[in-house]
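Engineer: Before we start, here is the structure in question, set down as structure tokens.
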Amino acid sequence: MSESLKQKTIHGIIWSCVERFSVQGIQFVLQILMARILSPSDYGTIAMLAIFVAVSQSFIDSGFSNALIRKVDRTEKDYATVFYFNIVVGIVFYLILFCTSSWIAAFYETPVLEPLTKVLALSLFFNSLCVVQQARLTVRLDFKTQAIVSLVSVLLSGAVGLWMAYSGYGVWALAIQTVLQTALRMVLFWILAKWRPVEKFSKESFKEMFNYGSKLLASGLMDTVYKNIYTIIIGKVFSSTLLGYYSRADQFAQFPSSNLTGILQRVTFPVLSTIQNEEERLRASYRKFLRLSAFIIFPLMVGLAAVADPFIRLILTDKWSGVIPLLQVICLSYMWYPIHAINLNLLQVKGRSDLFLKLEIIKKANTTVMLLVTVPLGIMAMCVGMVFTSLLGLVINTYYTGYLIRVGFFMQMRDLLPTLLNCAVMYGVIYYVNSFFSDDLLKLVAGILLGMIYYLTTACLFKSAELKELLSILKRK
């Protein structure tokens with residue numbers, strides 16, 4: 001990796017981290033405060049709408065954002081085409097959800113979902129207005145501006161949501177917070193990105209990008225449906241309270257995993273795209289990203305599983321204790337998500353969205369079989385099934401990575417195995433030491449401190465290249 005590209009990558013990673021973890025950190029604290037006020041049933045109710053909003057959002061992007069980022073000779077006509085297309089799709093899907101809100105409420109036998117759907121769907125329209133602005137900033141690796149936008153919007157909307165929760169608005173506090181956050185993001189992107197469409201919609205540009213983006217759309221739709229299918233099944237088959245437990249466990253597990261995945265996708269995709277035709281350089285950079293992501297995310301997810309019991313009881317109170325066993329299992333599934341993301345990014349970098357779609361079809365078929373087997377066994381069995389499908393999905397994802405740049409499953413596992421084994425030992429150490437404490441605060445503090453000391457000490461003793469890379473980044477900044 002050349003020095004200029006390396007500097008841009010480091011700068012991008014740092015500001016992307018600032019955005020993700022400062023924003024999500026604030027959201028995390030706000031959600032904890034709100035969860036102590038609201039009930040598991042409130043969170044279960046809002047979670048019932050997640051799949052409908054997420055599927056609609058997939059159509060708004062339609063893979064065009066990545067098509068713009070990947071395209072080397074992008075023009076103002078390309079940007080304008082995507083902009084106008086997104087607005088139309090945003091309006092269409094808002095109207096679809098508005099008109100079907102009564103059916104959604106009837107499906108779950110929860111009347112409040114009808115007005116909730118009509119309000120929450122407004123976030124789709126607001127998001128459709130700023131996809132291009134965000135894509136332009138990503139092309140320039142300008143994550144500093146994106147961090148400002150996200151930070152301001154989450155602070156203001158979070159304050160309103162928290163006030164509504166304290167004032168007794170229940171599930172509406174969650175809905176208004178979400179809509180207000182997307183509206184603020186839209187306004188700030190328009191102000192700070194300083195871009196307005198100056199060209200008309202182009203059929204030629206649309207066709208060119210749709211040939212690439214349509215396959216990503218299909219893949220994204222399948223991924224979105226299957227990410228939220230657990231929510232549909234739990235909400236329909238079980239209860240809103242159990243769905244509230246699951247949604248909290250899923251959110252806590254996603255906090256470190258999905259945020260790091262998002263950072264990696266946003267930074268590695270434009271970076272690797274610039275060297276897509278340099279085989280050896282691409283291969284070396286790709287493996288470095290893999291090892292670095294595992295070095296960071298594996299101990300976070302394993303550590304969270306180890307301290308899940310005192311963590312949940314202390315910050316959410318005992319009324320949320322049903323979250324604990326679900327969180328411990330889900331962490332083992334989400335720890336692999338950044339590795340999945342980097343593998344799939346490579347297919348996009350190489351322009352092989354056809355393979356991206358093919359892999360998604362295979363993986364979703366496996367998920368369907370796993371659901372058919374585990375649903376009758378209960379919600380815990382469903383979470384265990386998530387772990388198995390995640391591991392199987394990794395084997396499938398790495399098949400074409402091995403074919404394209406000769407970095408297949410076994411090479412990747414060889415790169416990741418030292419970190420994985422070290423984390424397993426770390427879990428055992430935390431579990432053993434915490435068995436001597438009865439106080440939840442002592443368990444949490446001792447577990448976090450002991451885990452950090454053990455992991456960093458062993459990394460130093462074994463002269464970890466990933467630790468050296470992280471220290472190098474910190475020294476530069």
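Every number here is computed from the coordinates shown, using simple stated rules; none is lab data. This one's a predicted model, so the numbers in the text were calculated from it and none came from an experiment. As a convention, Cβ positions derive from the backbone with ideal geometry for all residues, glycine included, and neighbour counts pool all protein chains shown.
Engineer: State, as an integer percentage, the relative contact order of the chain based on alpha-carbon contacts under 8 Å between residues 6 or more apart.
Structural biologist: Relative CO of the chain lands at 19 percent.
Engineer: Per DSSP H run of n ≥ 4, the term is -39500 (n - 2.57); total these for the chain, divide by its residue number, and report the mean residue ellipticity at 222 nm rounded to 500 deg cm²/dmol.
Structural biologist: Computed mean residue ellipticity for the chain: -28500 deg cm²/dmol.
Engineer: Regarding the range 239-477, what is the average projected area of its C-alpha convex hull, in nm²?
Structural biologist: For the Cα atoms of the range 239-477, the hull's average projected area reads 14.4 nm².
Engineer: While we're looking at this one, here's another question. Could you tally the net charge around residue 194, taking each other residue with its Cβ under 13 Å from the Cβ of residue 194, Lys/Arg +1 and Asp/Glu -1?
Structural biologist: +2
Engineer: Largest first and in whole Å, give the semi-axes of the range 1-237's equivalent ellipsoid, each being the square root of 5 times a Cα gyration tensor eigenvalue.
Structural biologist: The answer is 32, 23, 16 Å, longest axis first.
Engineer: Assuming a viscosity of 1.567 mPa s and a temperature of 4 °C, what translational diffusion coefficient in µm² per second does Stokes-Einstein assign to the chain, Rh being the Kirkwood radius over Cα pairs?
Structural biologist: So the translational diffusion coefficient is about 56 µm²/s.
Engineer: Something else about it: With +1 on each Lys and Arg Cβ and -1 on each Asp and Glu Cβ, and nothing else charged, work out how big the dipole of the range 1-237 is about its Cα centre, in Debye to the nearest 20.
Structural biologist: 480 debye
Engineer: Additional query: Hydropathy first: keep DSSP H helices in the chain averaging at least -1.0 on Kyte-Doolittle, then drop any whose Cα extent along the axis falls short of 24 Å, and list what survives.
Structural biologist: Span-like helices here: 76-108, 143-166, 171-192, 203-237, 240-274, 279-306, 353-374, 379-405, 409-434, 440-461.
Engineer: Could you tell me the largest-minus-smallest coordinate of the C-alpha atoms of the range 143-188 on each of the three principal axes, in descending order and whole angstroms?
Structural biologist: 36, 14, 12
Engineer: Placing +1 on the Cβ of each Lys and Arg and -1 on the Cβ of each Asp and Glu in the range 73-139, which of 97, 107, 127 has its Cα farthest towards the positive end of the resulting dipole?
Structural biologist: 127
Engineer: Ok, one more. Quick one: if the Förster radius is 41 Å, what FRET efficiency do residue 191 and residue 431 give, using the C-beta to C-beta distance and rounding to 0.05?
Structural biologist: According to the calculation, E is roughly 0.25.
Engineer: A further question follows. With only Lys, Arg, Asp and Glu charged, each at its Cβ (+1 for the first two, -1 for the last two), find how big the charge dipole of the chain is about the Cα centre; round to the nearest 20 debye.
Structural biologist: 1140 debye
Engineer: Determine, for 384, 29, 82, the number of other Cβ atoms within 10 Å of each Cβ, and report the residues in order from fewest to most.
Structural biologist: So the ranking, lowest neighbour count to highest, is 29, 384, 82.
Engineer: State whether the range 358-477 is rounded, prolate or oblate according to the following rule on the C-alpha gyration tensor (a ≥ b ≥ c being the square roots of its eigenvalues): a/c under 1.5 gives rounded; otherwise a/b larger than b/c gives prolate, and the remaining case gives oblate.
Structural biologist: oblate
Engineer: A follow-up question, please. Please compare each pair in 288/468; 144/200; 236/364 to a cut-off of 23 Å on the Cα-Cα distance and tell me which ones are over it.
Structural biologist: 144/200
Engineer: Nothing charged except the Cβ atoms of Lys and Arg (+1) and of Asp and Glu (-1): what's the magnitude of the dipole of the range 120-215 about its Cα centre? Round to the nearest 20 debye.
Structural biologist: Its charge dipole is roughly 240 debye.
Engineer: Right, next: If I model a spin label at residue 463 and residue 88 as a point 7 Å from the Cα along the Cα→Cβ vector, what separation in nanometres do I get?
Structural biologist: Rounded to a tenth, the inter-label distance reads 6.1 nm.
Engineer: Count the net charge of all other residues whose Cβ sits under 15 Å from the Cβ of residue 386, scoring Lys and Arg as +1 and Asp and Glu as -1.
Structural biologist: Once positives and negatives cancel, what remains is +1.
Engineer: Oh, and also: Just name one of 41, 163, 189: the one whose Cα is farthest towards the positive end of the charge dipole of the range 1-237 (beta-carbon charges, Lys/Arg +1, Asp/Glu -1).
Structural biologist: The one lying farthest along the dipole's positive direction is 189.
Engineer: What share of Cα pairs, in percent, lie more than 23 angstrom apart in the range 55-143?
Structural biologist: 34 percent
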